[in-house]
Amino acid sequence: MGEKESGLSAKQPLKGFRVLSAEQYGAGPYGTMFLAQMGAEVIKIEPPKGGDTARHVGPHWLREQESLYFQSFNLNKRSLTLDLRSEKGIAILHQLVRESHVMANNLRGDVPAKIGLDYAALKAVNPAIVCAHVSAYGRDNARAKWPGYDYLMQAEAGFCALTGDPDGPPVRFGLSMVDFMSGTQMAVGLLAALLDAQRSGEGCDVDVDLLSAAVHQTSYPALWYMNENDITGRAPNGAHPSATPSQMFKATDGWLFVMAQIPKFWPILCDKIGHPELIADPRFDTPAKRLDNRPALSEMLNAIFAEHSMAHWQTLLEGHVPVAPVYQLDQALDSPWLETIGMRQTISHPDRDEMDVLSSPIKLNGERLPNRAGPLLGQDSDAILGDLGYDDDAIAALRADGIV
């Protein structure tokens, strides 16, 4: 399952930078995890009672109130419990902000200004602080107070209407992709602002909202509609809206995704599957004709692929025509190829000596970024407060008052 954690031995381009994050659930934590993996000290600020909501998402647990789900988004971080709605909590926050570079959050749009997590509130404490915000609908409009989640954005941005079989109902992605897109975009924005703050000494607010991130991902279908009034619809078997054949085909024992995405792959595909006569067939001899006659072409190719197994076609096509097996999740994660490329890693957690996690998709100097387990709730509170000058009695008093 990969090697044990290596003690953060890879290159760490963000070492020395401190990121505070009042984060919960998916979008914000996913984005800041990349920063933590690249060496930033990411201090996850959590409510003293219960912590991040993600800690309580089942069905799999490492200990009571410690979920495996939480580990997906919080590797390499530290945890500080702090009541940000109390005066003492805000005073501690300001002490941390003075020595930090980023204040991130993914709270509801109207909350950061209320509790003082935006640049207007923090610039007097640290003029170079970068305040990064991920919210459902933004902080500067009539929806700022609206709660919102990934699936709502998939619905409103058109994703669901673009996904699934033409004769079936709208379908959401199997994963919360808008959360992950938004968290990644927040990380890009805050890194750019951090670079500027290092040069200018002046920080700023960086905002990403889930709906805007989702709409931006509609990309070329959006431009097709906005400029040509062309509304992209759904095609059978997950087909590409314009390139064909670029879709799923069913073999005797499962599905394959075959993508003759650009013209050069069409004759190669025909040769490899043993039907070179299709290359010059007048119905299919140009990309435009293949698109116009996609139903007839699909019917012919469906019949051909139904003659043999997935492995048969994979062996014939791989490396010549873009092709991939359509795996179930267990098949995808147990694929030997993930071992080859190092996308699975085994690390240790206080409740599980060997916990399997996904490696970072980012490599530096050919090495994937290292991982360590996400923190227990408040695991680092005493150490962080001690660094700020609080002694054991003062920390105990803060804990007794529910501040930490």
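For the chain, modelled as a GNM with alpha-carbon contacts under 10 angstrom, which of Asp207, Asp83, Asp167 fluctuates the most?
Result for the chain, Cα springs under 10 Å: Asp167 fluctuates most.
How much of the accessible area of the stretch 237-326, probe 1.4 Å, is carbon plus sulfur, in whole percent?
61 percent
Percent of alpha carbon pairs in the chain separated by more than 36 Å?
When all Cα pairs of the chain are counted, 38 percent exceed 36 Å.
Could you give the accessible area per residue of the stretch 81-128, probe 1.4 Å, as a whole number in Å²?
That works out to 42 Å² for each residue.
Scan the chain and hand back the longest stretch that contains none of the chymotrypsin sites (Phe, Trp or Tyr not before Pro) lying in DSSP loops with at most 14 other Cβ atoms within 10 Å.
1-172
With +1 on the Cβ of every Lys and Arg and -1 on the Cβ of every Asp and Glu, and nothing else charged, how large is the dipole of the chain about its Cα centre, in debye rounded to the nearest 20? Kindly include the intermediate steps, with their values, before the conclusion.
Numbers: 35 positive and 50 negative charges, 112 e Å.
Value, rounded to 20: 540 debye.
Enumerate the aspartates and glutamates that Lys363 could reach by cross-link, defined here as Cα to Cα under 20 Å, with residues fewer than 8 away along the same chain left out.
Leaving aside aspartates and glutamates fewer than 8 places away in the same chain, those within reach of Lys363 are Glu3, Glu5, Glu41, Glu339.
Ignoring ligands, DNA and RNA, what percent of the 1.4 Å accessible area of the stretch 95-170 is carbon and sulfur?
56 percent
GluC sites (Glu not before Pro), restricted to the stretch 20-120: which are DSSP loop and have at most 15 other Cβ atoms within 10 Å?
Passing both the DSSP loop test and the Cβ count: Glu64, Glu99.
So which lysines can Lys88 reach, going by Cα to Cα under 25 Å and dropping same-chain residues fewer than 8 places off?
Output for Lys88: Lys44, Lys49, Lys77, Lys114, Lys123.
What angle do you read, to the nearest 10 degrees and between 0 and 90, between the alpha-carbon axis of helix 27-37 and the longest principal axis of the chain?
Helix 27-37 sits roughly 80 degrees off the main axis of the chain.
The values are calculated or read from the model by the stated rules, or taken from the named source; none is laboratory data. Only a predicted model underlies this, so the values are computations on that prediction, with no experimental measurement involved. Methodologically, a virtual Cβ is constructed for each residue, glycine included, from the backbone with ideal geometry; neighbour enumeration extends over all protein chains shown. Keep in mind that these areas ignore ligands, DNA and RNA; they rest on the heavy atoms of the full protein, side chains included. Shrake-Rupley method; radii C 1.70, N 1.55, O 1.52, S 1.80 Å.
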